[in-house]
Structure formats: C-alpha cells, structure tokens
Amino acid sequence: MDPVVKPQDDERIATQSEETGFKMIIVNGRNKLEWTEGFTVQDVLDKMRYDYALITVTVNNEIVSEDDYDSFKVADDSDVRAIHLCHGG
C-alpha cells in the first residue's frame, strides 16, 4: 500500500486514484495527492507540509525556480519531486 500523508484539516489525500476517481499528482514517487484546478508548486509544498529552508522542486523533470513556486501550475497526473537539501560538517 502506498504511504499516506496526514491531511490538514479540510484536505483529503487519497492513496489510490483508481479507487477514488480523484485527479491525482505523484509526489516523490510514492505519495499521491489529490489535484485541483490551479494547483501550484507552493500548494504541493503546503499540503505535504514541506517547509524546509533548502528545497529543490521538479515537475515532470523540469526544475522550478523558488521564485516561481507560487505561480508555477502543476497539471493533473504530474510527477513532482521535492528534494530537501541538507548540509553539515
């Protein structure tokens, strides 16, 4: 069974688009997130609760600039990858 992200109060996250009939996007190759019209990269990050300072996002293998997170639209059935960059010594 696919992992399920705990939804925020009024949001639904489904595990199987075939079972639910919802339009979906895939996040990091394993999490299925219900898609809605006008969905942006920032919406994906918010719903997944990703608030890392250093994060790189691709949508269908296209790198999205952090300046464009609020405006870059994510289409139904997109493959979104959010990569948390960490550093240390």
**Request:** Six or more apart or on different chains, Cβ under 7 Å: which pairs go from a residue in segment 25-49 that's touching a residue at least 24 places away in the same chain (Cβ under 8 Å) and in a helix (DSSP H, G or I) to one that's among the small types (Gly, Ala, Ser) and crowded, with 16+ Cβ neighbours inside 10 Å? Could you list them?
**Result:** Leu45/Ala82
**Item:** Counted residues, segment 50-69 - those being part of a loop (DSSP other than H, G, I, E, B) and surrounded by 10 or more Cβ atoms within 10 Å (Cβ to Cβ)
**Value:** 6
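Quick note: the coordinates plus some simple rules give every number you see, no bench work behind them. As the structure is a computational prediction, the values presented were derived from the model and not from experiment. Cβ sites come from the backbone with ideal geometry, for glycine too, and all protein chains shown count toward neighbours.
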